[in-house]
Ligand SMILES: [Fe+2]
């Protein structure tokens, strides 16, 4: 147990000191909507290639010169002077851990929580996590055949068993698990990769396999959906294509400008600090670097721009009622879709107008790698453009909040962790610290969705565009109230799609 050892080791202390320095720099003038400038120029951007072959621009019209602390963080995060050394120290208990983390990190380094989870370990909490929490992104309904055959009457599953194929370092159990829920959404079984068996409620390993499932959900979503899907694929490809293919005053470039703010810089930073060997995720998660590298490209649904209704339909949960993730997500999606649709309609009176826009056709081709497989090779229908742009806006606002704002899941090591040790139903000291540093490093304030972006309106149809923007803001404010009403009636509140907490781009 921890009783004598320090909570922060040498590496963690150094990273925290630099993160604090970044806060001092950034908190002096946190970026606001007014800092999101009009697009500047259209040209091919200089790029670097990551270990995965992803081409990331190295110039960002939204990013001033990098400060010393930013540059130092790049180097320190992966510094060979701090070798990766797994420490097995355990917490005295969950309450001790939360207290110690709060003390050692300090209030500023602990991001705000959207909701609080009084307990994430009970069977009922697993259900909330799957229908109204982080795991909902991967919730699926069983098909009729599987449901009819299921020995426990399972009807829903959050299945991240594929993580079991990825090797872990010595001292850790393999990740990978599936949690199965019946028609009443009760947890009936956990399929556990490391133990290679199904575990049910009276089994001695029950608490352990639930933790292993939560840890697997956290790692899968953070690595494949967040880091790869949102940042390195959809975010990076979209911002690059917009800036290379569309002239600065093009209406679609202007429309999407706020939603690409600083996206290049953060993809670049992620490539330098999070994807590399000895980066924070490699250190904090239990995977070998080779496994981590392979896992990144595993095949997130967010690596392509799909509409939210399609994401739900692909999992058979499009018509599921009393489903906070689906209900709030659809409401936010409808607002965004209407906003994008109105803007596209303003500048393109009919489908024929699309064919005449050479720049837009080039953009469409440049987006090949991230366009939904359902779209056609040539942009013909306005509805396809609306779906694509609305998906992008939804990804970088709502979905990014959902996968990225995880303090409520990570501060208490009983809830989630990036590593699993035999006989331990909570994260160890080192893992807890690193995952909180990961959160701390991304808790800088960014421009909010509910701010005023009217300085980015197009120079043609300006007054109509202003009305559309006003409607968006009014719709979003109405959704804030609606979600508060819904949450008052829910067993567990859900706020990933609450416009109050949404930022405008994947800038962190
Ligand atoms: Fe992020």
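Residue 41 meets each of the listed conditions (1) modelled with pLDDT of 90 or more; (2) surrounded by 13 or more Cβ atoms within 10 Å (Cβ to Cβ) apart from (2). Filter the range 438-468 for residues that are without any contact (Cβ under 8 Å) to a residue 60 or more places away in the chain and assigned to a helix (DSSP H, G or I); which is surrounded by the fewest Cβ atoms within 10 Å (Cβ to Cβ)? So the residue we want is 463.
Scanning the range 402-411 for residues that are within 11 Å of the ligand (Cβ to nearest atom) and not in a helix (DSSP H, G or I) gives 405, 406. The requirement of being crowded, with 20+ Cβ neighbours inside 10 Å, under 30 Å from residue 109 (Cα atoms), within 16 Å of the ligand (Cβ to nearest atom) and in contact (Cβ under 8 Å) with a residue 24 or more places away in the chain is not satisfied by residue 431. From the list 108, 99, the lone residue that is more than 27 Å from residue 287 (Cβ to Cβ) and without any contact (Cβ under 8 Å) to a residue 24 or more places away in the chain is 99. The number of residues in the range 114-139 being surrounded by fewer than 16 Cβ atoms within 10 Å (Cβ to Cβ) and either assigned to a loop (DSSP other than H, G, I, E, B) or touching a strand residue (DSSP E or B) at 6+ places or on another chain (Cβ under 7 Å) (or both) comes to 5. Filter the range 469-508 down to residues that are closer than 23 Å to residue 37 by Cβ and within 16 Å of the ligand (Cβ to nearest atom) and give me whichever is surrounded by the most Cβ atoms within 10 Å (Cβ to Cβ). Per the criteria, the residue is 506.
Condition check ((1) farther than 30 Å from residue 120 by Cβ; (2) outside any helix (DSSP H, G or I); (3) at pLDDT below 95) across all residues:
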| position | (1), (2), (3) |
| --- | --- |
| 353 | yes, no, no |
| 395 | no, no, no |
| 400 | no, no, no |
| 413 | no, yes, no |
| 417 | no, yes, no |
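Can you confirm whether the range 233-245 contains a residue that is at pLDDT 95 or above, within 14 Å of the ligand (Cβ to nearest atom), over 30 Å from residue 417 (Cα atoms) and touching a helix residue (DSSP H, G or I) at 6+ places or on another chain (Cβ under 7 Å)? Within the range 233-245, one or more residues are at pLDDT 95 or above, within 14 Å of the ligand (Cβ to nearest atom), over 30 Å from residue 417 (Cα atoms) and touching a helix residue (DSSP H, G or I) at 6+ places or on another chain (Cβ under 7 Å). Would you be able to say whether some residue in the range 261-271 is more than 15 Å from the ligand (Cβ to nearest atom), within 18 Å of residue 418 (Cβ to Cβ) and either within 20 Å of the chain's Cα centre (by Cα) or not in a helix (DSSP H, G or I) (or both)? Within the range 261-271 (the criterion being more than 15 Å from the ligand (Cβ to nearest atom), within 18 Å of residue 418 (Cβ to Cβ) and either within 20 Å of the chain's Cα centre (by Cα) or not in a helix (DSSP H, G or I) (or both)), the answer is no, since none of the residues qualifies. Checked against the criterion of being on the phi > 0 side of the Ramachandran plot, part of a loop (DSSP other than H, G, I, E, B) and at pLDDT 95 or above, the range 183-191 contains one or more residues that satisfy it. In this entry, residue 255 is excluded by the filter for residues that are within 16 Å of the ligand (Cβ to nearest atom), part of a helix (DSSP H, G or I) and either buried (at least 23 other Cβ atoms within 10 Å of the Cβ) or under 21 Å from the mean Cα position of the chain (by Cα) (or both).
For beta carbons closer than 6 Å, sequence separation of 6+ or different chains, a first residue in the range 227-247 that is under 13 Å from residue 54 (Cβ atoms) and touching a residue at least 24 places away in the same chain (Cβ under 8 Å) and a second that is assigned to a helix (DSSP H, G or I) and away from the ligand (no atom under 16 Å from the Cβ), the qualifying pairs are 233/370; 234/370; 237/369; 237/370. The set of residues from the range 171-193 being touching a residue at least 60 places away in the same chain (Cβ under 8 Å) and farther than 13 Å from residue 211 by Cα comprises 171, 172, 186, 187.
Yes/no matrix, rows are residues, columns are (1) modelled with pLDDT under 95; (2) loosely packed, with under 14 Cβ neighbours inside 10 Å; (3) not in a helix (DSSP H, G or I):
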| site | (1), (2), (3) |
| --- | --- |
| 316 | no, no, yes |
| 327 | no, no, no |
| 330 | no, no, no |
| 336 | no, no, no |
| 344 | no, no, no |
| 350 | no, yes, yes |
| 359 | no, no, no |
| 369 | no, yes, no |
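For the range 44-63, a tally of residues being surrounded by fewer than 17 Cβ atoms within 10 Å (Cβ to Cβ) and outside any loop (DSSP other than H, G, I, E, B) returns 4.
Only one entry in 145, 198, 92 is farther than 26 Å from residue 424 by Cβ and surrounded by fewer than 18 Cβ atoms within 10 Å (Cβ to Cβ), namely 145. Residues that are under 17 Å from residue 222 (Cβ atoms) and surrounded by 22 or more Cβ atoms within 10 Å (Cβ to Cβ) within the range 148-172 comprise 158, 160, 163, 166, 172, listed in sequence order.
The values are calculated or read from the model by the stated rules, or taken from the named source; none is laboratory data. All values derive from a computational prediction rather than experimental measurement. All Cβ positions, glycine included, derive from the backbone under ideal geometry; neighbour counts span all protein chains shown.
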